[in-house]
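Where a number appears in this text, it was derived from the coordinates with a stated rule and is not lab data. As the structure is a computational prediction, the values presented were derived from the model and not from experiment. Ideal geometry is used to build each Cβ from the backbone, glycine not excepted, and the neighbour counts take in all protein chains shown.
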Amino acid sequence: MKKIAIVGGGVAGLSAAIYALRSGAEVTIFEQFGLGGLASTIDKIENFPSYASVEGWKLCSDMAAQAKALGLKTVRQRVLSLERSDGGFAVVTDKARYDFPAVVVATGTSHNKLGIEGDYVGHGVSYCATCDGAFFRGKPVAVAGGGRTAVSEATYLADICSEVYVVTPQPNFSAEDKAVQALLAHSNVTPLFNTALYEIFGDGEVEAVGLFENGQSRRLTVSALFVATGAAPVTDFVRVEGVKTNRGYLVVDGRCETSVKGLFAAGDVTDGSLKQIVTACADGAKAGSFAAAFSATVK
Ligand SMILES: Cc1cc2nc3c(=O)[nH]c(=O)nc-3n(C[C@H](O)[C@H](O)[C@H](O)COP(=O)(O)OP(=O)(O)OC[C@H]3O[C@@H](n4cnc5c(N)ncnc54)[C@H](O)[C@@H]3O)c2cc1C
């Protein structure tokens, strides 16, 4: 019997489940919260093929229903550790230990927070310019951060928004010269170096941010704040020797298999370049199919 575990029930994990279940595998998803992950919290998704616009919860609940109808088993527990075991891998939660010949890790990332976002997330505060930039077309926005992600997010926004203020406590951008030049070629971009963001103002929606620079505080009127201070892959529970990572992200091959046989990964937790729902689903399809095929070879 083919049998696999998937850790993480976001769109990558659910897609892996659908493909593995359809290939005849018995599939258990370990998810600490509800199925759907990050995508289920997005108000409007406008770049998932076949929907001009769909609410995140709707897309995810349809995906979860499809997997459940195929026989998905769900264990609503946080995985504390993933280890090698005689039969393959042990998935350890605070309640029990489960053994599987093959496992897909689909635990996504957790965004570095500024600590001032409060209830403005989804109301002008965003962690994804590609996803939410279009909602602020023609409006002034701020980007928090000065690294590679912030430079790339700000460059994307510069073509959409009226003004883009890039706020960083650093004296310079820490990104490739070419990327910085491409950003600064936009006349509507203003870098604010040596500047800290200390507060968000607005009546339910972002209307301004508080800046602290040269010993002075001031308000900057913006309609959105894009936080681009980095995100960290959720892999702290992976305790399997020999797993290769790149800046903490799990390195996978064209079949979404990691450097350890039988251990697969999909979605935002991998070192793939575009972190979107469609790419997470594509990864899931590969990881689920090949994990199921691998599990069938284990005696
Ligand atoms: C604000 C915002 C807006 C976005 N908008 C869009 C958009 O419009 N279009 C688009 O294509 N993409 C968008 N994205 C990106 C998209 O949401 C992600 O690329 C995608 O959801 C990643 O899916 P995933 O399954 O890899 O990870 P996630 O959705 O992060 O799922 C990971 C799951 O693993 C679970 N988990 C983590 N650790 C454990 C553990 N130890 N034990 C058990 N469970 C665990 C989590 O609870 C979570 O459910 C947006 C992202 C953000 C932040």
_Net charge of Cβ neighbours under 13 Å - reference residue 274; Lys, Arg +1; Asp, Glu -1_ = -2
*By count of other Cβ within 10 Å, fewest leading, how are 117, 207, 176 ordered?*
176, 207, 117
*Please give the helix 148-158 orientation as an angle from the longest Cα principal axis of the chain, in degrees from 0 to 90, rounded to the nearest 10.*
60 degrees
*Antiparallel %, DSSP beta bridges [both residues in segment 118-227], to 5*: 40 percent
*Distance violations [Cα-Cα > 19 Å] among 3/68; 2/261; 73/275; 44/275; 261/299; 95/244*: 73/275; 95/244
_Solitary cysteines of the chain, where the nearest other Cys Cβ is not under 4.7 Å_ = 60, 161, 256, 281
*asked:* For the chain, take the longest principal axis of its alpha carbons; what is the angle in degrees between that and the long axis of helix 56-69, to the nearest 10 within 0 to 90?
replied: 0 degrees
*Where does the charge balance sit around residue 252 when Lys and Arg score +1, Asp and Glu -1, over other residues with C-beta under 11 Å from its C-beta?*
-1
*Filter the chymotrypsin sites (Phe, Trp or Tyr not before Pro) in segment 100-146 to those in DSSP coil with at most 15 other Cβ atoms within 10 Å of their Cβ, and list the result.*
none
*Among 212, 48, 290, which comes first, second and so on when ranked by fewest other beta-carbon atoms within 10 Å?*
212, 48, 290
*Give me the percent of DSSP beta bridges within the chain that run antiparallel, rounded to the nearest 5.*
45 percent
*asked:* Counting other beta carbons within 10 Å of each residue's own, what order do 274, 197, 70 fall into, fewest first?
replied: 274, 70, 197
_What do you get for the angle between helix 277-297 and the principal long axis of the chain? Use alpha-carbon atoms, 0 to 90 degrees, nearest ten._
20 degrees
